[in-house]
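The values are calculated or read from the model by the stated rules, or taken from the named source; none is laboratory data. A quick note: this is a predicted structure, and the numbers were derived from the prediction, not measured. Note that each Cβ is placed from the backbone with ideal geometry, even for glycine, and that neighbours are counted across all protein chains shown. Surface accessibility is based on the protein's heavy atoms, side chains included, excluding ligands, DNA and RNA. Shrake-Rupley method; radii C 1.70, N 1.55, O 1.52, S 1.80 Å.
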Amino acid sequence: MKKIIALALAMLMLLCSVSALAEETQKKVLVMATNASFPPYEYYEGTEIVGIDVEIAAAVAERMGYDFVVLDMEFDAIISAVNSGKADFGMAGMTVTEERLLSVDFSHSYATGVQVVIVREDSDITSVDDLFAEGAMHVIGVQLTTTGDLYCTWDLEDNGLAVINRYPNGNEAVMALKAGKVDCVVIDNEPAKAYVAANEGLKILDTEYAIEDYAACFKKDNPLLPEFNRVLQELIEDGTVAAIIEKYIPTEE
Ligand code: ARG
């Protein structure tokens, strides 16, 4: 009888430790959702996704003691991936907005973004004001559901001042601009610079459309967020975040 109990106990202990191990290895991965057509925040280098967001998130995950994987998807799908548990958080040069705060929580902000306007070099659009001019009717390319899309929709389309063409990512919007299908593209400044550098005949207008804060989004009340924030704050304070940004966006001297 004793032997049977001992055996049963040993098996129970084995089972427990195997399942604890499985749980631990499962838990030890942080999954980040992004849209990797947004250089220098996230983009492909060969088959690997690199960029500012990827490096900051990897540094946070490492210091939190987690492994780290990146899931690429349309920008439009990130918030639902986070809310369905497909990803632990989203990081995609994502702007903190009132509307998004209704469906997700945001981490501390780690960077600033500016919405700018890309035009063809010979464009007659010379400033953001031209988009707002009475009787204006430009065709504007944006990335679906980004802040560029939202502002242009509210400010211009809803007031009968523009037609908005929405693309699944920034690259496709820029290709449409090159092909003459849209008159301009409203997008974040750093990807705008990368797109203009990679494509001839385009330029960025000097005037800015909007200034915003980037942060990582989490499912509401996700218990990982306080720890993520604590570590992110440490990495901001010790200069790690600045060094990562400087690596991708060298300050001109
Ligand atoms: N900052 C803008 C927004 O939050 C655009 C972000 C697009 N990011 C991306 N990885 N495609 O709406």
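Yes/no per residue for (1) among the acidic types (Asp, Glu); (2) in contact with a helix residue (DSSP H, G or I) (Cβ under 6 Å, 6 or more places away or on another chain); (3) within 12 Å of the ligand (Cβ to nearest atom); (4) closer than 15 Å to GLU212 by Cα:
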{"site": "HIS108", "(1), (2), (3), (4)": "no, yes, no, yes"}
{"site": "GLY113", "(1), (2), (3), (4)": "no, no, yes, yes"}
{"site": "ILE118", "(1), (2), (3), (4)": "no, yes, no, no"}
{"site": "GLU121", "(1), (2), (3), (4)": "yes, no, no, no"}
{"site": "VAL128", "(1), (2), (3), (4)": "no, no, no, no"}
{"site": "ALA133", "(1), (2), (3), (4)": "no, no, no, no"}
{"site": "VAL139", "(1), (2), (3), (4)": "no, no, no, no"}
{"site": "GLN143", "(1), (2), (3), (4)": "no, yes, yes, no"}
{"site": "LEU150", "(1), (2), (3), (4)": "no, no, yes, yes"}
What number of residues within region 56-97 are buried (at least 22 other Cβ atoms within 10 Å of the Cβ) and of a type in the set (D, E, K, R)? 1
Got at least one residue in region 172-181 being more than 20 Å from ASP124 (Cβ to Cβ), surrounded by 14 or more Cβ atoms within 10 Å (Cβ to Cβ) and at pLDDT 95 or above? yes
Qualifying residue in region 148-163 (condition: in contact with an Asp or Glu (Cβ under 7 Å, 6 or more places away or on another chain) and open to solvent by less than 50 Å² (accessible area, probe 1.4 Å)): no
Among residues belonging to region 102-121 that are within 20 Å of the chain's Cα centre (by Cα) and in a loop (DSSP other than H, G, I, E, B), point out the one that is surrounded by the fewest Cβ atoms within 10 Å (Cβ to Cβ). LEU102
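A quick yes/no check of all residues on (1) more than 24 Å from THR112 (Cβ to Cβ); (2) within 14 Å of the ligand (Cβ to nearest atom); (3) touching a residue at least 40 places away in the same chain (Cβ under 8 Å); (4) in contact with a Gly (Cβ under 8 Å, 6 or more places away or on another chain):
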position	(1), (2), (3), (4)
ALA162	yes, no, no, no
ASP188	no, yes, yes, yes
ASP206	no, no, yes, no
GLY239	no, no, no, no
Scan region 122-130 and tell me whether some residue there is surrounded by 22 or more Cβ atoms within 10 Å (Cβ to Cβ) and modelled with pLDDT of 95 or more. no
Consider region 99-135. How many of its residues are among the charged types (D, E, K, R) and under 17 Å from VAL182 (Cα atoms)? 5
